[in-house]
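Bear in mind these aren't lab numbers, they're just calculated from the coordinates by the rules spelled out. Everything numeric here is computed off the predicted structure, so don't read it as measured data. Heads up, the Cβs are rebuilt from the backbone with ideal geometry, glycines too, and the neighbour counts pull from every protein chain shown.
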Amino acid sequence: MQGLIDFLSQGGYAFYVWSAFGMTFALLIAEALVLRRSRRTILQRVGRLARLRMQNVPPGEHR
Amino acid sequence: MLSVFLCVLNRDLTLALRRRTDVLTTLLFFVIVVSLFPLGVGSERELLRLLGPGVVWVAALLASMLALERLFAADYDDGTLEQLLLAGQPLSLLVLAKIVAHWLLTGLPLVIIAPLMAMQYALEATAIWVMMAALALGTPVLSLLGAIGAALTLGLRGGGILLSLLILPLYIPVLVYGAGAVSVSVIEIADTQPYFALLGAFLLGGLVLAPPAAAAALRISME
Amino acid sequence: MLEVDNLSCRRGDRTLFTALSFMLPASTLLHVRGRNGSGKTTLLRALCGLLRPDAGAIRWRGEPISELADDYNREILYFGHLNGIKADLTGQENLRVAATLDQDPLTDGAITDALAQIGLAGFEDLPTRMLSQGQKKRVALARLILSKAPLWILDEPFTALDTDAVALLERLIAGHVADGGAAVLTTHQEVSLTRGEIRRLELGAIGC
Amino acid sequence: MKINWFKYAAPTAFYPLAGRLVPVLAVAAAALVLFALYWGFFETPERLGGTNPQKEYYRIIFIHVPAAWMSMWLYLVLAAWSAVGLVFNTRLSFMMTNAVAPTGAIFTFLALWTGAFWGRPSWGTYWDWDPRLTSELILFFLYIGFMALHSAIDDSRRADRAAALLAIVGLVMLPIIYWSINCPDPNNCAALHQRSSLTDIESNILTAMLVMTLGFWLYSFAAAFARLRNIILLREQDSAWVRTMVDAAGAGGPANAGGGDALDANRRGVSA
């Protein structure tokens, strides 16, 4: 337990160390999530367009 | 070749002289920005002397950029830019002519009025001369670099703001050495020659590289 | 003279035309027709070299125009939707600039004559901003009289022209074609020639 | 490497390849980053330097330096693909520039952010007009400019080419900008400060830093390829192969669970 607290306090520089590391991994993970979500959105949209096309609706009207 | 260059130069100068307000707005903007600073930071002579070179240069940067938006825009709007692209003449040469005209109309007036601005900042005679020389060497570089940005942002919504975002970071070297030359001449009797050598090198490099780059950008934007 | 081979153009994500091929020999007028948005202007801009096609080749006297570049530009006269006329310059000055860019040493008299021929006698010293829309267009058309380019590329030249001017323009085109020139033209109206051949090209005939 | 790219120069061919690479790269990147974190926090000394040592906060070096390296490397990649695109007019190169730019901007921002949090305990200030930090800021502006210009232009071809030209202009200007910031007084340029070279650093610290760099590098590949796949999908959504692929994926790929809903609806719509 004490070891964990020591580790987290980083010799009293916890604020600087964790701000830097926290922002880094927050941003990298956020980027990965955004990429995944936008991929889904795009696939959904492409799928919807494909469906509309199959129903013989001119695609231009739904852009 | 020369006749084509002179023709475009002459055309742009004639056009500007028929619309004098455009030229005056740039100049006035410069004067106002420079004059606002002492009101903001206080009119202590030592402080002003310290700030002067930087303020004048930043104002020159902004003024030259403000005018850049119009460099190709008017020709783009009335279709004459298309005709320039199809003129069967080297586009770099035509672009250079337009840049030279632009500098004569926006850069040169700044050089000429700079002594007045320098007096507001209590600069001494040597510093004023250095400032004029530095502006004379540096502002053409601003026009050259800016032409690339103006060509890239041609006809875009909010092109002016985008242009400043793209171009201002590229102005840094000119700002650093332009203002540096004046600062050095204010503080002590130092050698300003290396500054002028660098500004001159920028100018030469810009003259060689910027017109083809701006011409390529124009072709991309006109597609 | 002009040869188009398997040309495709896209605008944004939309394909305007694919596999377009045609020949344009001397003394021929090509009349390009099609609905709005069928790519007429795009085709004409591609023919000028203003726009790089996505596929295919355009050759001028057997050589690709992308390689000829400025040499090709000197051989064409392009007339677009915009007049290409500076409103703050007079008709005389506008034509003088155009001629200098073509490296064509014209006398002032030739320019005045051209303006007179197009019905603008007495207007040559006025800034074109003071002219009417139709008159501005006429100033631009005066370039056709002065031009020596063998290929004319005209995008909707008849719009905003009165009947007199339309007749004059038709005469000019006919004269150009009869003299061995070639022309590409978009317009919704019918065109006729007294001499020379007319070819027609319908764009957007196949659904996109 | 180059030959491989050539074979996959068509978006159609590259899309599935990137799809196979992304998970592999992502897992490898995660493993390397976790290893580097472990090594950096548990196998390194608590002090850096001799007489006036930096305390625990020096550990920011494990992300600051790799992020700064990546920011510069990715700009080089961006400019290189821009040049390839402008010269050979290949669409995939332009897509690559767009795939790389946001990741590069993120790393640039991280280099600035971590630099600030390192600067505070070591220099006593969050921001200093240090040449390297300032250049990093300029690099950030260049990335932002690239993306802003690209998104301001509606026509994708003009956007690609204009932004590519800007990237190259930026690349030419960067050394000049860096130099002008580094040496604002040409009379006195000998005073350029030298930083300690890599060999002076303790080997455990160096290990963590280099492994982290490798992890970030693989992460950049994964993120860029994932984004590239999105860009390809968006730009080619009207083409036959995307439509067939979407249909095939709708037939029940577990990898596309999110897209599956719409695609199921799609099939129902057809049968109805």
Practice item. Compute the whole-percent fraction of alpha carbon pairs in chain A spaced more than 15 Å apart. Key: 70 percent
Review point. Expressed as an acute angle from 0 to 90° and rounded to the nearest 10, what is the orientation of the C-alpha long axis of helix B:108-120 relative to the principal long axis of chain B?
Key: 20 degrees
Exercise for review: Pairs of Cα atoms under 8 Å, at least six residues apart: use those to get the relative contact order of the range C:104-208, whole percent.
Suggested key: 23 percent
Study note, to complete from the structure: Taking Lys and Arg as +1 and Asp and Glu as -1, residues besides residue D:25 with C-beta under 13 Å from its C-beta add up to +3
**Study point:** Largest-first principal axis extents of the Cα set of the range C:21-134 (Å)
**Key:** 47, 34, 26
Revision key, fill the gap. Here, residue A:29 and residue B:20, labelled 7 Å along Cα→Cβ, have an inter-label distance in nm of 6.7 nm
Exercise for review: Note the angle between two axes, namely the Cα long axis of helix C:91-101 and the longest principal axis of the Cα atoms of chain C, as a number of degrees from 0 to 90, rounded to the nearest 10.
Suggested key: 50 degrees
Practice item. Calculate how many DSSP beta bridges within chain C are antiparallel, expressed in % of all such bridges and rounded to the nearest 5. Key: 40 percent
Point to revise | Charge tally in the Cβ shell below 11 Å around residue C:132, where Lys, Arg are +1 and Asp, Glu are -1, residue C:132 excluded | key: +3
Review point. Picking from B:113, B:88, B:51, whose Cα lies most toward the positive end of the charge dipole for the range B:2-222 (charges on Cβ: Lys, Arg +1; Asp, Glu -1)?
Key: B:88
Review point. Taking neighbour Cβ counts within 10 Å as the exposure measure, how do C:63, B:82 sort from fewest upward?
Key: C:63, B:82
Check your understanding: Once every DSSP H run of n ≥ 4 in the protein assembly as shown is given -39500 (n - 2.57) and the sum is divided by its residues, what mean residue ellipticity at 222 nm do you get, rounded to the nearest 500 deg cm²/dmol?
Key -> -22500 deg cm²/dmol
Point to revise | Calculated from backbone phi, Karplus (6.51, -1.76, 1.60) coupling profile of the range B:157-170 in Hz, x at Gly/Pro | key: 5, x, x, x, 5, 4, 4, 5, 4, 6, 9, 4, x, 6
Study note, to complete from the structure: Taking trypsin sites (Lys or Arg not before Pro) in a DSSP loop with at most 16 other Cβ atoms within 10 angstrom as exposed, one finds the longest site-free stretch of chain B at B:20-156
Study note, to complete from the structure: Normalised per residue, the volume inside the convex hull of the alpha-carbon atoms of the range C:1-51 in Å³ amounts to 75 Å³
**Study point:** Unit charges on C-beta of K, R, D, E only; dipole of the protein assembly as shown, Debye
**Key:** 2220 debye
Practice item. Kindly express, to the nearest 10 degrees and within the range 0 to 90, the angle between helix B:125-152's C-alpha long axis and the longest C-alpha principal axis of chain B. Key: 30 degrees
Revision key, fill the gap. So, over other residues within a Cβ distance under 13 Å of residue D:41, counting Lys, Arg +1 and Asp, Glu -1, the net charge is -3
**Study point:** Normalised convex hull volume, the protein assembly as shown, alpha-carbon set, Å³ per residue
**Key:** 199 Å³
Review point. Roughly what % antiparallel, to the nearest 5, for the DSSP beta bridges in the protein assembly as shown?
Key: 45 percent
Review point. Once you wrap a convex hull around the alpha carbon atoms of the range C:86-148, what is its projected area averaged over all directions, in nm²?
Key: 3.6 nm²
Study note, to complete from the structure: Normalised per residue, the volume inside the convex hull of the alpha-carbon atoms of chain B in Å³ amounts to 114 Å³
Point to revise | Calculated on alpha-carbon atoms, Rg and Dmax of the range B:168-212 in Å | key: 12.0, 41
Check your understanding: How many lysine pairs are close in the protein assembly as shown, with Cα atoms under 29 Å apart and the two 8 or more places apart or on different chains?
Key -> 13
Review point. If you take the C-alpha gyration tensor of the range B:81-210, multiply each eigenvalue by 5 and take the square root, what semi-axes do you get, largest first, in whole Å?
Key: 31, 15, 14
